[in-house]
Amino acid sequence: MTKFKSIVFGLLCFSLISATFYGIELQTKLLLNDKVELKVPKDFETMNDEMMKLKYPSESRPTLVFTNKSGGINVALSLTKNKASQDLMAPYKENFVNTFKNMYPSAEWKDSGVKEINGRKVGFLELITPAIDTKIYNLMFFTDLDGQLLLCTFNCTEKSINEWEPTAKEIMTSLKIK
C-alpha cells in the first residue's frame with residue numbers, strides 16, 4: 001500500500017509541476033446565448049471570420065472557435081442541426097468512431113467513450129490524425145443542447161501534445177449545459 005501511495009503522490013506532484021511549468025491558465029466562458037459554460041485558455045481569442053474560412057473551408061465550419069496567436073491550437077464549438085438527446089450519445093459515439101476510422105484509417109486512437117460530466121452524458125473521441133506536414137491531436141466531445149447536437153473539439157499539432165493534452169481534458173470536463 002505504501003508503494004501505491006508513493007506512486008499516486010508522485011503523479012500528483014508531476015501534474016502540479018506540469019501545470020505550473022506550462023502555465024496554461026483557463027477561464028470560464030458563457031457561450032451560445034449563455035447556455036454553455038466552458039473553460040478556454042485565457043490568452044486565446046475568438047477566431048475571426050476570415051481565418052475561419054481559411055482554416056475551415058467547408059460551409060459546415062464551427063459556430064465559434066477560440067485560438068492561440070498562431071492559429072495552430074484551437075477550441076471549437078458547433079451547434080449542429082442534427083437532432084440529439086441524452087439517449088443518443090452512445091449511438092453518436094459509435095457513428096463518429098466508424099466515420100473517423102473510415103476517413104483516417106492510419107489514425108492513432110487514444111480513447112473513446114461516453115462519460116458523465118457535470119450531470120450530463122458526453123461522448124468523446126481522442127485520436128491523432130494525419131495532416132499534410134504533421135499529425136494533429138484531436139479531442140472531440142459532444143452532448144445535446146436544446147434537442148440539437150453540440151460538438152466541441154480541441155486540436156493541436158503533434159509537437160504540442162505533451163503540453164496540451166491535460167489541458168484539453170480539463171476543457172472537456174469543464175463543459176456545463178445551462
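Some observations on this one:
- Check on T134, of a type in the set (S, T, Y) and either closer than 22 Å to G71 by Cα or crowded, with 16+ Cβ neighbours inside 10 Å (or both): yes
- Filtered residue count, region 1-55, keeping only those that are among the hydrophobic types (A, V, I, L, M, F, W, C), loosely packed, with under 11 Cβ neighbours inside 10 Å and modelled with pLDDT of 95 or more: 0
- Residue in region 169-177 that is over 20 Å from K83 (Cβ atoms), within 9 Å of the chain's Cα centre (by Cα), at pLDDT 95 or above and not in a helix (DSSP H, G or I) present: no
- Verdict on A107 being under 28 Å from N33 (Cα atoms), out of contact with any Cys (no Cβ under 6 Å at 6 or more places or on another chain) and of a type in the set (G, A, S): no
- Matching residues, region 58-93, being assigned to a strand (DSSP E or B), touching a Leu at 6+ places or on another chain (Cβ under 6 Å) and open to solvent by 70 Å² or more (accessible area, probe 1.4 Å): N82
- Residue pairs whose Cβ atoms lie under 8 Å apart, separated by 6 or more positions or on different chains, with the first residue in region 81-109 and in contact (Cβ under 8 Å) with a residue 12 or more places away in the chain and more than 20 Å from E158 (Cα to Cα) and the second in a helix (DSSP H, G or I) and hydroxyl-bearing (S, T, Y), are A84/Y92.
- All positions within region 148-167 that are over 19 Å from E94 (Cα atoms) and in contact (Cβ under 8 Å) with a residue 40 or more places away in the chain: F154, N155, C156, T157, S160, E163, W164, P166, T167
- In region 134-148, the residue that is modelled with the highest pLDDT out of those that are farther than 12 Å from T80 by Cβ and among the polar types (S, T, N, Q) is N138.
The values are calculated or read from the model by the stated rules, or taken from the named source; none is laboratory data. Source: prediction; values computed, not measured. No Cβ is skipped: glycine too gets one built from the backbone with ideal geometry, and neighbour counts run over all protein chains shown. These area figures cover heavy atoms from the full protein model, side chains too; ligands, DNA and RNA do not enter into them. Shrake-Rupley method; radii C 1.70, N 1.55, O 1.52, S 1.80 Å.
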